[in-house]
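Chemist: One structure, pasted below without further comment.
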Amino acid sequence: MKAFLMFVRKESYHIFRDPRTLLILFGMPVALVTLFGFALTNEIKNADVAVLDFDHGVHARQVQNRLFSSGYFGLRDYARNYPDVAAAFRRGHVKLAVVFPAGFSSDFDHLGHAQVQLVADASDQNTAISLVNYATAIIRSYEQEVAPHRSGSPGPRVEAVARLYFNPGLKAAYTFVPGTMALILLLVSAMLTSITIAREKETGTMEVLLVSPMRQLPIIIGKILPYFLLSFVNGLIILALGVWVLHIPERGSLALLILETLLYILVALTLGVLISTRAASQQTAMLTSMLGLLLPTLILSGFLFPIESMPLPLQTVSRLIPARYFIVILKGIMIKGLGLRELWRETAVLFGMAGGLLLLALGSLKNRLA
Amino acid sequence: MRTVWFLIEKEVRQLRRNRTLLALLLVAPIMQLVLLSFAANYEIKNLNLAVVDQDHSPAARRLLDKFQYTPYFRLVQVRPSSAAADQDLLSGRADLVLVFPPRFERDLVRGGQARVQLLVNALDNVKAGLASSYASSIVQAYQGEVRPATVAAAVGEVRGLEVVPAYWYNPLLNYKTFMVPGILVEIISLIVMMVTTLNIVREKEIGTIEQLNVTPIRKWQFILGKLLPFWVAGLYQFTIGLLLARFLFHVPMVGSVALLYGIMAVFLVVPLGLGLLISSASQTQQQALFVAFFFLIIFILLCGLFTPIEYMPAWARAFDRVNPLVYIIDIARRILLKGSTLRDVLQPVLTLLGMAVLVNALAVWRYRKTSG
Amino acid sequence: MKTAAIGPVIRCEKLTKRFGAFTAVDAISFAVAPGEIFGFLGANGAGKTTAMRMLCGLLGPTEGAASVAGFDVFTQAERIKQHIGYMSQKFSLYEDLTVRENIRFYGGIYGLKTAAIREKTDALLQRLGLEAERNTLVGSLPLGWKQKLAFSVALFHDPAVVFLDEPTGGVDPITRRQFWDLIYEAAARGVTVFITTHYMDEAEYCDRVSIMVDGKIEALDKPAGLKQQFGVSTMDEVFLHLARGAKNVE
C-alpha cells in the first residue's frame, strides 16, 4: 500500500510540475465547452433571403413583411429573374428565395387560390429544410389571418393539439450542450491517459515499473488515479459551465449526476489505458485515440444525428460508443429530472464498459510481459 | 531541390516501415468515410410513437393506422392513460404520444369536430418540430378522408395559399450529397494535420533533429521535405474518397473535378503547414497533440457541416473566416453540385492560397536550427 | 575540402553563454590547430556540452568571439555547418532506416553526388567491416557498431573538424579501442577532432587537453604537461585536483 501511494504521488508530480499540461487540462475543456455551447445551434436567426416578385401586389408585399419582421429572415437581394436567383445561390449569399408568380395577389383575392414558391439551395440540405419549414409556417399564419374561412373548409374537422414536454421553448442548447459535454470529457480524459502511458513505454520507464515487484493492477490503478482526480475536477467544471453559463437546468439529483460523471470518466480513462497498452509508440497511441474517438463519437453517439435513422449495422456500432449512454444520462438527470430507476440500463452499460476495458488492458499488459 | 528529395526519400522509407501509421494514413480514412457517411443523416424517421386510446373506436383505429403507414412513426407502446404514457416520454421510450379522448368518434360524426392530443418530447428541438408537423399533416390528410363526398363536392378545390417548395441542386434532399464531400475533407484534414503535428517534435524527442541541425540544410528545404510526402498521402485519400463519393454514394459531380483537384492540392497545404508549425513550436509530442486537437475540433465542429454557420453568433462567424474547412467545403459543394467555375470560387480559393503561404512561412520561420 | 583560412581551425576569444543569471560558459579562450586531437574535459555541468553546441552552431553565444573553419560563430553559423561533422552523446542516426539508407540520407543532405555517395558508402562499409549489414536496420545493430557508424557518417562529407560529444559512453573497452583507431585515422587525414569524454585514459590519447570547471577553462596543455604542472602521475589525479573545487556539479 505504501508503495502504491508513492507511485500515485510520483504520477501527480509529473502532472503538476508541467504548467503547460495543466493549462491544457483545465483551460482547453472550459474553452471548448463554452465555445461549442454557444456556437452550435440550429435555431434560425436573420437568414438571408432573396425575393423574386413577379406580382408586386398587396399580398406579395404583406407576405414579405411577415417574413422579414419575424426575426428569422432578412432581405438580402431583390432578384429580377431565375438566373439572378441561381447566381445568388452560386455566390453562396442566400440559401432561400421566395418567388411570387405574376397574378399572385389577384388570384388569391378572386380565385381564393394562389401559389408561392420557396426555392431553397439544397446543396446545404439542413439549412434548406429548416428554412422552408419556417417560411411555410409564417405564410400559413398569414393565410389564416387574411382568409380564415378558406382554410377552415366545411365538413368534420380534426384538431391536433400539441403539447411540448421538457423543452417547450424548443431550445437548441438542450440538444447540443449535453452532447458537447460528453464529447469533450471523453476525448480529453482518454487522450491524456493514453499518451502518458505510451510515453512511459517509449522512454523505457514502463519497463522499470513492470519488472518491479508491484502487481499490474496496482500499476494501472496508480496510473489512472491522478488523472481520474484531474478529470473529475474537469467534469465538475464542465457541469458547472453547463448549468450556470449555458443555462441547462439541473432538475434531478446532483449526487447521482456527479456519480454518473465519475463512472463516465472511468470509462474514458480505461479506454485510454487500453489504447496505450496496445500502441507501439506515443505516435500511434495519439493517432489512434484522436482518429478512433473524435469523429465516431461526434457522428455515432446521437449527439448530432438521430440514431433511429441510421442503417441497422451502424445502430449496432453506435452501441459501442460510451458517449451515447452518457448523453442519455445527462439529458435524463438534468433536463427530465430522472433518477437511477429510469437510467439503470445506461448506467449498467457504462459499468460493463469500464470493467471490460480494464480487463482488456490488463490482458494486453500481461501479453507484453510474456 | 536535391536536398528536399533526400528528405522525402527518408520520410517515405520510414513511413513504409511503420505499418500502423501507414494503415492510419491509407486505410483508416476510407473506412471512416464509408462508416460515418452512412450514419451522418439528419433525416428523422422511425420516431417512437405511443398511443393512448380512450375511445376504442374504428375512427381512432383508422387514424392510428395512418400514422403507422408512414416511415416516420413506429408504434411502440399502447397505454391505458396519459399518465402511463408520460412515463414513456420520461424514459425516452416514446418521442410522441397520440391521445384519443373518450368519445372521439362520436364528436367527429355528430358534432363535426373532434380533437386528438399530441404529447411531444421536445428535448431535441428539431425532432420535436418535425414530429409535430408530420403528425399534423397526417391528421389533415385524415380529415380530408372522413369528409363525406357531398361536402367535398360542394367545397370544390379551394386550397387557399399553396406553398410549393423547390429544392435546387439536391431535389431529392439526399443527405449524402450534402454530407459526403464535407466528411471527406474533414477526415483528410484531421489525419494529415495530426501526422505532421507529430512528425518534427518526434524527431526532437528522439534526438535525430540535432544531427540534422548541424547539417547545412536550409529551413525551407526541411519544411518542404516534411510536407510533400503527406501532401501526396492527402491527395491519395482525396482520390479514393472522390471515387467512393461518385460510385458508392452517388454524389453528383456537375462541375469540373479537375478544378476541384487543383484547389484541394492548394487546400491540403494549409492543415499540413499548420501541423508543421505546431510541431516545430512544441517541446513534446503530448503538447503538440493537444494544441492540434484544440484547433482541429474547433475547425471541424464550426465548419458548418453539422450546424449552419448562418445561425452561429457573430464571434463564431468571425472565427470561421479563418477556418480553412469552411472554404474548402463551400468550394467542393459549389463545384460538385452547382457546377461553379474557377471564376465563381476565386475569392475563397485566393483566401486558401493566402492561408497556405502564411502558415508555411510561419512554420519555416518558427523552425529553429539554433536555440538560445 | 577547402578551408577559408590557414592557421587555427577553431579559435575562441572570451566566448560566453549565459542562461538568465546563470553563466554556463564563462569567457573561454583557446585555439585548435588543423589535424589536432583536442580533448575537452570537465565534470557534468561544467559547461562543455554548451561550449561545443555553440561551436557547432546549435546554440547562439552571448558574447565573445569564435570561429570554426574560418567562419564566424555569430554570423556564419550555417556556413560552419558545411565544414563540420557532429556526433552527439545521444545516438542520432535513424533507427528505422538501414545502414545504407542512413549513409545515403546524410550524404544527400550534405550535397554529395549520387555516384560519390555510392562509392564512398562501399569504402566506408568495407573499412568498418559492415558490408554484410548494409541492409540491416540501424536499430538492430549492437551499440558499439552504431557508434562507429555514427562517427563515420559524421565524417562522410569530409569535414575540416569533427565534434564528438562523449562518443564512447557505454561501450566495452575493445570497441573503445577500435573507435580510437578510427579517430587516429581521421586525424592522420588532417581532420581536426574535438572530443569530450569522461574516460581519463582517453584523455591520454589526445594531443592536447583542456579542463573546464564552472564554465571556465582551468587548465590547457598536453597530457604530459598537465601531469607535470600538477605534480601527479595520472590524468585522473589532474582531473580530481581541479574538479574538487567546482560549484556546479550535477
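The values are calculated or read from the model by the stated rules, or taken from the named source; none is laboratory data. None of the values given here were measured: they were computed from a predicted structure. Cβ coordinates were reconstructed from backbone atoms using ideal geometry, including for glycine residues, and neighbour counts include every protein chain displayed.
Chemist: Going through B:VAL357, B:VAL326, B:VAL364 one at a time, which residue ends up being crowded, with 21+ Cβ neighbours inside 10 Å and at negative phi?
Modeler: Result of the check over B:VAL357, B:VAL326, B:VAL364: B:VAL326.
Chemist: Can you pull out the residues in segment C:9-40 that are assigned to a loop (DSSP other than H, G, I, E, B) and either among the hydroxyl-bearing types (Ser, Thr, Tyr) or within 14 Å of another protein chain (Cβ to nearest Cβ) (or both)?
Modeler: Once the filter is applied, which keeps residues that are assigned to a loop (DSSP other than H, G, I, E, B) and either among the hydroxyl-bearing types (Ser, Thr, Tyr) or within 14 Å of another protein chain (Cβ to nearest Cβ) (or both), segment C:9-40 yields only C:GLY20.
Chemist: Further question on the same structure: Restricting to segment A:134-160, and then to whatever is within 7 Å of another protein chain (Cβ to nearest Cβ) and at pLDDT 75 or above, can you tell me which residue is farthest from A:PHE38 (Cα to Cα)?
Modeler: By that ranking, first place goes to A:GLU143.
Chemist: Out of the residues in segment A:317-358 that are under 26 Å from B:PHE38 (Cβ atoms) and among the aromatic types (Phe, Trp, Tyr), which is surrounded by the fewest Cβ atoms within 10 Å (Cβ to Cβ)?
Modeler: A:TYR325
Quick grid of which residues meet (1) part of a strand (DSSP E or B); (2) in contact with a Ser or Thr (Cβ under 8 Å, 6 or more places away or on another chain); (3) of a type outside the set (Ser, Thr, Tyr):
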{"residue": "C:LEU149", "(1), (2), (3)": "no, no, yes"}
{"residue": "C:SER152", "(1), (2), (3)": "no, no, no"}
{"residue": "C:THR168", "(1), (2), (3)": "no, yes, no"}
{"residue": "C:ARG176", "(1), (2), (3)": "no, yes, yes"}
{"residue": "C:GLY190", "(1), (2), (3)": "no, no, yes"}
{"residue": "C:SER210", "(1), (2), (3)": "yes, no, no"}
{"residue": "C:GLN229", "(1), (2), (3)": "no, no, yes"}
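Chemist: State whether one or more residues within segment B:282-299 are among the small types (Gly, Ala, Ser) and surrounded by fewer than 22 Cβ atoms within 10 Å (Cβ to Cβ).
Modeler: No, that holds for no residue.
Chemist: Can you give me the ranges of the strands (runs of 3 or more DSSP E) entirely in segment A:66-121 with at least 3 residues that are surrounded by fewer than 18 Cβ atoms within 10 Å (Cβ to Cβ) and without any contact (Cβ under 8 Å) to a residue 60 or more places away in the chain?
Modeler: In segment A:66-121, the matching strands (runs of 3 or more DSSP E) lie at A:73-78, A:113-121.
Chemist: Which of (1) under 30 Å from B:LEU243 (Cβ atoms); (2) more than 7 Å from every other protein chain (Cβ to nearest Cβ) is the odd one out, the single condition B:ASN41 does not satisfy?
Modeler: Looking at each condition in turn, B:ASN41 falls short on (2).
Chemist: Follow-up. Take A:LEU287 and decide whether it is assigned to a helix (DSSP H, G or I), away from every other protein chain (no Cβ under 12 Å) and at pLDDT below 90.
Modeler: no
Chemist: Looking at segment A:23-70, which of its residues are among the small types (Gly, Ala, Ser) and either under 30 Å from A:ALA182 (Cβ atoms) or within 24 Å of the chain's Cα centre (by Cα) (or both)?
Modeler: Passing the criteria: A:GLY27, A:ALA31, A:GLY37, A:ALA39, A:ALA47.
Chemist: Another question about this same structure. Could you please find all residues in segment A:234-261 being assigned to a loop (DSSP other than H, G, I, E, B) and either of a type in the set (Ser, Thr, Tyr) or touching a strand residue (DSSP E or B) at 6+ places or on another chain (Cβ under 6 Å) (or both)?
Modeler: Within segment A:234-261, A:SER253 is the sole residue that qualifies.
Chemist: Given the options B:VAL270, B:VAL291, B:VAL326, name the one that is out of contact with any Lys or Arg (no Cβ under 6 Å at 6 or more places or on another chain) and facing chain A (nearest Cβ under 9 Å).
Modeler: Among B:VAL270, B:VAL291, B:VAL326, only B:VAL291 is out of contact with any Lys or Arg (no Cβ under 6 Å at 6 or more places or on another chain) and facing chain A (nearest Cβ under 9 Å).
Chemist: Kindly indicate whether any position in segment B:44-56 is touching a residue at least 60 places away in the same chain (Cβ under 8 Å) and more than 19 Å from A:ALA162 (Cα to Cα).
Modeler: no
Chemist: Where in segment A:294-370 are there helices (runs of 4 or more DSSP H), lying fully within it, with 1 or more residues that are within 14 Å of chain B (Cβ to nearest Cβ) and in contact (Cβ under 8 Å) with a residue 60 or more places away in the chain?
Modeler: In segment A:294-370, the matching helices (runs of 4 or more DSSP H) lie at A:322-330, A:340-369.
Chemist: If a residue has to be of a type outside the set (Phe, Trp, Tyr), outside any strand (DSSP E or B) and closer than 26 Å to C:ASP26 by Cβ to count, how many in segment C:57-102 make the cut?
Modeler: Here the count works out to 16.
Chemist: Looking at segment B:6-21, can you tell me whether even one residue there is more than 9 Å from every other protein chain (Cβ to nearest Cβ) and among the acidic types (Asp, Glu)?
Modeler: Yes, segment B:6-21 contains a residue that is more than 9 Å from every other protein chain (Cβ to nearest Cβ) and among the acidic types (Asp, Glu).
Chemist: Looking only at segment A:244-257, filter to residues that are farther than 18 Å from A:PHE26 by Cα and without any contact (Cβ under 8 Å) to a residue 60 or more places away in the chain; which one of those is surrounded by the most Cβ atoms within 10 Å (Cβ to Cβ)?
Modeler: Checking each candidate, the answer is A:LEU254.
Chemist: Something else about it: Which one is nearest to the other protein chains (Cβ to nearest Cβ), of the residues in segment C:112-139 that are surrounded by fewer than 19 Cβ atoms within 10 Å (Cβ to Cβ) and touching a residue at least 40 places away in the same chain (Cβ under 8 Å)?
Modeler: Out of the qualifying residues, it is C:LEU137.
Chemist: Can you name the number of the only condition in (1) assigned to a helix (DSSP H, G or I); (2) outside the structural domain of A:ILE238 (by TED's automatic domain parsing); (3) aliphatic (A, V, I, L, M); (4) crowded, with 16+ Cβ neighbours inside 10 Å that A:VAL51 fails?
Modeler: A:VAL51 satisfies all of (1) assigned to a helix (DSSP H, G or I); (2) outside the structural domain of A:ILE238 (by TED's automatic domain parsing); (3) aliphatic (A, V, I, L, M); (4) crowded, with 16+ Cβ neighbours inside 10 Å except (1).
Chemist: Can you find even one residue in segment A:108-123 that is more than 7 Å from chain B (Cβ to nearest Cβ) and touching a strand residue (DSSP E or B) at 6+ places or on another chain (Cβ under 6 Å)?
Modeler: Within segment A:108-123, not a single residue is more than 7 Å from chain B (Cβ to nearest Cβ) and touching a strand residue (DSSP E or B) at 6+ places or on another chain (Cβ under 6 Å).
Chemist: Give the residues of segment C:22-44 that are surrounded by fewer than 17 Cβ atoms within 10 Å (Cβ to Cβ) and more than 21 Å from C:PHE74 (Cα to Cα), sorted by residue number.
Modeler: C:GLY35, C:ASN44
Chemist: In the list A:VAL63, A:VAL33, A:VAL85, which residue meets the criterion of being under 28 Å from A:LEU170 (Cβ atoms) and in contact with a strand residue (DSSP E or B) (Cβ under 8 Å, 6 or more places away or on another chain)?
Modeler: Criteria check complete, one pass: A:VAL63.
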